[in-house]
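The values are calculated or read from the model by the stated rules, or taken from the named source; none is laboratory data. Every value quoted in this text rests on a predicted model; they were computed, and no experiment measured them. Using ideal geometry, Cβ is built from the backbone for each residue, glycine included, and neighbour counts are taken over all protein chains shown.
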Amino acid sequence: MAENLAQQIIEAARRLPCKVYLLSPDADKLAEDPFPVLQTWLTEISKSAEKFIVM
């Protein structure tokens, strides 16, 4: 489930007008303990996005 969610987020980001390309979370780590890995991955995405958000 976590891997599928990550893939859906990656695909949605690529469809944005600015075509955001996200790295996939580590599949081996997702298989071991998916939710902490997914949480870390989402945090990294959030931090990366802050660089591009202009208020």
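Does any residue in the range 3-22 that is surrounded by 10 or more Cβ atoms within 10 Å (Cβ to Cβ) come within less than 7 Å, Cβ to Cβ, of a residue that is modelled with pLDDT of 90 or more and outside any helix (DSSP H, G or I) six or more places away or on a different chain, and which pairs are these?
6/24; 6/25; 10/24
Does at least one position in the range 35-44 carry a residue that is modelled with pLDDT under 90, surrounded by 12 or more Cβ atoms within 10 Å (Cβ to Cβ) and not small (Gly, Ala, Ser)?
No: the range 35-44 contains no residue that is modelled with pLDDT under 90, surrounded by 12 or more Cβ atoms within 10 Å (Cβ to Cβ) and not small (Gly, Ala, Ser).
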